[in-house]
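Okay, structure first, notes after.
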Amino acid sequence: MTEIDPTRRFSGRVESYRLHRPGYPAAIVDLLVRECGLNGDSLIADVAAGTGLLTEIFLARGFHVFAVEPNHQMREACATLTAQYPHLKCVEGTAELVGLADHSVDLITVGQAMHWFDLKRTRSEFVRILKPGGWCAVLYNHRHLTGDAFHEGYEQILVEHGTDYSKVRDSHLDEDRLAAFFAPNEMRSATFENAQHLTLDGLMGRVLSSSYMPQPGHPRHEAMSRSVENHFAAHNADGHVRMKYDCVVCYGQLS
């Protein structure tokens, strides 16, 4: 199988991603304000910002945010937030080449994307753009894989129908690997409950937002869609299913 450039994996999935991926609890902002000493003058770079799901919780609190995103379609979707939040600036860049000035930001955030990066080059680049004493926060919405028939069955759908699901799942960074990224500085962590309440269209959109799931026109798409429909029919209550996540925030200073 040809390896897909990570910056292009989500092309064609932007609307599914924007509408059907889980957001991030607003309490994360409170945590990072308290722990990282953020104030009204602090500048934030949200790297691999995608459509702005993480970016928006900081914008809503009045912070000036650079949303750094290499994918043109994703970046354009994120830029629509400027109508509501004029203190957003969307920037073309990658984690390894952010494109911001030296020592220009107080906090770097990365949501659901760290596993796509060259970590050695990324760390050097993050140190370059952070102000002295600046912070980095890496966030993952970890979907529940077990615990009930709905979550276990959803995982099985991804395993059966995903193109390279197992490879992507296994590439996600655990806390030990993230701690190595922050080393020799201390890494702290916090966990927040998160959930989505999804209709059938929402559940299908959530599936299609994942880069490893077959889109319409793919020979495996029809069988996948039937599996999702059957799974929803078996587990919905009043037309919704509840997908649960542990939102883990790993944060620390980089030097």
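Note down all Cβ pairs under 7 Å where the first residue falls in region 99-110 and is more than 17 Å from residue 35 (Cα to Cα), the second is among the aromatic types (Phe, Trp, Tyr), and they're at least six residues apart or on different chains.
Every condition considered, the pairs that remain are 100/66.
Taking residue 151 as meeting all but one of (1) out of contact with any strand residue (DSSP E or B) (no Cβ under 8 Å at 6 or more places or on another chain); (2) closer than 20 Å to residue 169 by Cβ, write down the number of the exception.
Among (1) out of contact with any strand residue (DSSP E or B) (no Cβ under 8 Å at 6 or more places or on another chain); (2) closer than 20 Å to residue 169 by Cβ, residue 151 violates only (1).
Based on what the data block shows, is residue 152 exposed (fewer than 14 other Cβ atoms within 10 Å of the Cβ) and within 20 Å of residue 210 (Cβ to Cβ)? First the steps, then the outcome.
Values: exposed (fewer than 14 other Cβ atoms within 10 Å of the Cβ): yes; within 20 Å of residue 210 (Cβ to Cβ): yes.
Considered against the rule, which asks whether it is exposed (fewer than 14 other Cβ atoms within 10 Å of the Cβ) and within 20 Å of residue 210 (Cβ to Cβ), residue 152 comes out as yes.
Select, from 133, 111, 93, the only residue that is out of contact with any Leu (no Cβ under 7 Å at 6 or more places or on another chain) and closer than 28 Å to residue 206 by Cα. Steps first, answer last, please.
Numbers: 133 fails: closer than 28 Å to residue 206 by Cα; 111 fails: out of contact with any Leu (no Cβ under 7 Å at 6 or more places or on another chain).
That would be 93, the only listed residue that is out of contact with any Leu (no Cβ under 7 Å at 6 or more places or on another chain) and closer than 28 Å to residue 206 by Cα.
Given (1) surrounded by fewer than 17 Cβ atoms within 10 Å (Cβ to Cβ); (2) touching a residue at least 12 places away in the same chain (Cβ under 8 Å); (3) not acidic (Asp, Glu), where does residue 184 come up short, assuming only one miss?
The single condition residue 184 does not satisfy is (2).
Which one of these is touching a residue at least 40 places away in the same chain (Cβ under 8 Å), farther than 28 Å from residue 114 by Cα, touching a helix residue (DSSP H, G or I) at 6+ places or on another chain (Cβ under 9 Å) and not acidic (Asp, Glu): 233, 223?
Numbers: 233 fails: touching a residue at least 40 places away in the same chain (Cβ under 8 Å).
Testing whether each residue is touching a residue at least 40 places away in the same chain (Cβ under 8 Å), farther than 28 Å from residue 114 by Cα, touching a helix residue (DSSP H, G or I) at 6+ places or on another chain (Cβ under 9 Å) and not acidic (Asp, Glu) leaves just 223.
What number goes with the only condition from (1) hydrophobic (A, V, I, L, M, F, W, C); (2) buried (at least 18 other Cβ atoms within 10 Å of the Cβ); (3) over 17 Å from residue 144 (Cα atoms) that residue 237 does not pass?
(2)
Does region 129-145 contain at least one residue that is under 26 Å from residue 16 (Cα atoms), more than 14 Å from the chain's Cα centre (by Cα) and touching a residue at least 12 places away in the same chain (Cβ under 8 Å)?
The initial filter retains those residues of region 129-145 that are under 26 Å from residue 16 (Cα atoms), namely 137-145.
Now drop any that are not more than 14 Å from the chain's Cα centre (by Cα), which leaves 144-145.
Applying the additional criterion that residues be touching a residue at least 12 places away in the same chain (Cβ under 8 Å) yields 144.
There is at least one residue in region 129-145 that is under 26 Å from residue 16 (Cα atoms), more than 14 Å from the chain's Cα centre (by Cα) and touching a residue at least 12 places away in the same chain (Cβ under 8 Å).
Mind telling me which of the residues 107, 100 ends up being part of a loop (DSSP other than H, G, I, E, B) and among the aliphatic types (A, V, I, L, M)?
Numbers: 107 fails: part of a loop (DSSP other than H, G, I, E, B).
Within the list 107, 100, the selection yields 100.
Each reported figure results from applying straightforward, stated rules to the coordinates on display, with no laboratory input. From a predicted model like this one, the values you see are computed outputs, not experimental measurements. So basically every Cβ, Gly included, is an ideal-geometry build from the backbone, and we count neighbours across all protein chains shown.
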